[in-house]
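The structure under discussion appears below in the form of structure tokens.
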Amino acid sequence: DGGITQSPKYLFRKEGQNVTLSCEQNLNHDAMYWYRQDPGQGLRLIYYSQIVNDFQKGDIAEGYSVSREKKESFPLTVTSAQKNPTAFYLCASSRQVQETQYFGPGTRLLVL
Amino acid sequence: GQQLNQSPQSMFIQEGEDVSMNCTSSSIFNTWLWYKQDPGEGPVLLIALYKAGELTSNGRLTAQFGITRKDSFLNISASIPSDVGIYFCAGQLGGTASKLTFGTGTRLQVML
């Protein structure tokens with residue numbers, strides 16, 4: 001069954017902690033993306049990766065880091081430098097960067 | 001980063017009614033996409049438009065790519081309760097460094 005999986009569904013973080021959100025796809029897509037969604041707003045791009053071992057900053061990359069060591073995986077780390085991390089995080093992938101993006105189910109991050 | 005303007009922000013309609021929403025931009029796009037997001041889930045692609053003036057249908061949904069390339073419209077005919085959700089437009093310029101720019105969303109609620 002092909003698709004994009006994100007885990008966990010809900011994640012709690014203490015102040016000052018780094019947390020890593022998982023995103024896996026078995027669609028054989030080259031490009032992967034991370035978005036942040038806040039209540040009542042659209043999606044804002046954090047980072048994207050066109051191909052393995054490559055990634056680029058999006059519009060709101062500060063306080064976040066990513067890696068792309070495997071084609072199937074694009075984990076996002078929310079660092080302690082991100083002052084307002086509570087949000088819904090969405091991962092997406094596309095066959096190539098200029099093609100249609102498909103989204104995972106999302107991870108909701110809450111700061112305690 | 002830029003966000004597209006969607007209107008209306010929210011709407012309550014009676015079951016069976018037709019729905020119209022639109023999305024406008026200050027800059028042109030070469031691709032327009034419409035997504036639907038259910039609460040706590042990732043957006044699901046509804047319709048993709050690739051050519052100015054194009055009119056495309058997907059069941060009860062019809063979307064148009066504005067002739068100026070700065071706007072797009074989505075219509076839903078004979079609404080049903082499962083149409084409830086948030087509808088997002090997204091524009092894409094194209095090319096190897098292309099990113100999606102998302103609208104602010106239209107929240108649709110259907111009264112029985």
- Item | Candidate set from segment B:14-36 (those that are open to solvent by 10 Å² or more (accessible area, probe 1.4 Å) and part of a strand (DSSP E or B)); member that is farthest from B:Gln109 (Cα to Cα) | B:Thr31
- Have a look at A:Thr20, A:Thr5 and point out the one that is at negative phi, surrounded by 12 or more Cβ atoms within 10 Å (Cβ to Cβ) and within 11 Å of chain B (Cβ to nearest Cβ). A:Thr5
- Return the only residue of B:Leu33, B:Leu45, B:Leu93 being among the hydrophobic types (A, V, I, L, M, F, W, C), more than 13 Å from the chain's Cα centre (by Cα) and closer than 22 Å to A:Tyr33 by Cα. B:Leu93
- Message: Out of everything in segment B:33-51 that is facing chain A (nearest Cβ under 8 Å) and farther than 16 Å from B:Leu61 by Cβ, what residue ends up being modelled with the lowest pLDDT?
- Response: B:Gly40
- Give the residues of segment B:54-67 that are of a type in the set (S, T, N, Q) and open to solvent by 60 Å² or more (accessible area, probe 1.4 Å), sorted by residue number. B:Ser57, B:Asn58, B:Gln64
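So, in segment A:81-94, exactly how many residues are within 14 Å of another protein chain (Cβ to nearest Cβ) and part of a loop (DSSP other than H, G, I, E, B)?
0
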- List the strands (runs of 3 or more DSSP E) that sit entirely inside segment A:37-80 and contain at least 2 residues that are within 14 Å of chain B (Cβ to nearest Cβ), out of contact with any Cys (no Cβ under 8 Å at 6 or more places or on another chain) and modelled with pLDDT under 95. A:43-49
- Selected residue [away from every other protein chain (no Cβ under 14 Å) and aliphatic (A, V, I, L, M)] from B:Ile86, B:Ile80: B:Ile80
- Message: Condition check: under 19 Å from A:Gln101 (Cα atoms) and either acidic (Asp, Glu) or within 14 Å of chain A (Cβ to nearest Cβ) (or both). Does B:Thr56 satisfy that?
- Response: yes
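One line per residue, one yes/no per condition, for (1) modelled with pLDDT under 95; (2) under 16 Å from B:Leu4 (Cα atoms); (3) crowded, with 21+ Cβ neighbours inside 10 Å; (4) out of contact with any Lys or Arg (no Cβ under 6 Å at 6 or more places or on another chain):
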residue: B:Arg69; (1), (2), (3), (4): yes, yes, no, yes
residue: B:Leu74; (1), (2), (3), (4): no, yes, yes, yes
residue: B:Ile80; (1), (2), (3), (4): yes, no, no, yes
residue: B:Gly91; (1), (2), (3), (4): yes, yes, yes, yes
residue: B:Gly94; (1), (2), (3), (4): yes, no, no, yes
residue: B:Gly105; (1), (2), (3), (4): yes, yes, yes, yes
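The values are calculated or read from the model by the stated rules, or taken from the named source; none is laboratory data. In this text, all values refer to a predicted model and were calculated from it rather than measured experimentally. We place every Cβ from the backbone using ideal geometry, glycine too, and count neighbours over all the protein chains shown. Accessible surface is based on the protein model in full, side chains and every heavy atom, while ligands, DNA and RNA are left aside. Shrake-Rupley method; radii C 1.70, N 1.55, O 1.52, S 1.80 Å.
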